[in-house]
Amino acid sequence: MNTRNDRANGDAPADLASRELAARLRNALRHPAAERLGRRVPLLTTRALVAVDAEDTHLDFTQGRVTVREHVPLLHPWDFAIRGSAAAWAALWVPVPEPGWHDLFALSKRGEMRFEGHLHPFLAHLQFFKDLLSLPRARGTA
């Protein structure tokens, strides 16, 4: 059975861009900078889904430490989700983003990003999540 993350190599360029951006995010979240950020939220325990188009990345936070999971069962639970288009993530991660493309909520206002689920952990640690999801910009990982 094919899932949306298990497509053939003959994907459309948009699917390829989504996969590359999702890999960029995963690499940044596995970097020691993400662990240093986690020290700001030592009590955070939650599960999040971050989607670049149809490419899902599951983040499990346990006492501020993040575990990145890219291959999970179809119905893997999460508390909240942040879903954005590949164009939105790419624009967010340029070294100096354009106005209106510089922030998660600015992208939401444009209709390029949306937030779902139980948002309390996300909003209670908003600056942490904004900084965490901006790591691909700061590192310039490709």
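No value in this document is a laboratory result; all are computed from the given coordinates. In this text, all values refer to a predicted model and were calculated from it rather than measured experimentally.
Phi-derived couplings, Karplus 6.51 cos²θ - 1.76 cosθ + 1.60 at θ = phi - 60°, listed residue by residue for the stretch 69-79: 10, 10, 10, 10, x, 4, 9, 4, x, 8, 8 Hz, with x used for Gly and Pro. The phi torsions of the stretch 106-116, fed into the Karplus equation with coefficients 6.51, -1.76 and 1.60 and a -60° offset, translate into couplings of 5, 5, 5, 4, 6, x, 8, 9, 9, 10, 9 Hz, rounded to whole numbers, with Gly and Pro shown as x.
Dividing the summed helix terms, -39500 (n - 2.57) for each DSSP H run of n ≥ 4, by the number of residues in the chain produces a 222 nm estimate of -10500 deg cm²/dmol to the nearest 500.
Over the chain, Cα pairs under 8 Å with separation of 6+ residues give a relative contact order of 26 percent.
Here are some values of percent of Cα pairs over 24 Å apart: (1) 22; (2) 51; (3) 26. Which one was computed from this structure? Among (1) 22; (2) 51; (3) 26, the one calculated here is (3). Net length available on complete extension from Gln63 to Glu20 is 12.6 nm, with 0.36 nm assigned per residue and the Cα-Cα distance removed. Across the stretch 117-125, coupling constants 3J(HN,Hα) worked out from phi with the 6.51/-1.76/1.60 Karplus curve, θ = phi - 60°, read x, 7, 7, 3, x, 5, 6, 5, 10 Hz, and Gly and Pro carry x.
The antiparallel fraction among DSSP beta bridges confined to the chain stands at about 75%.
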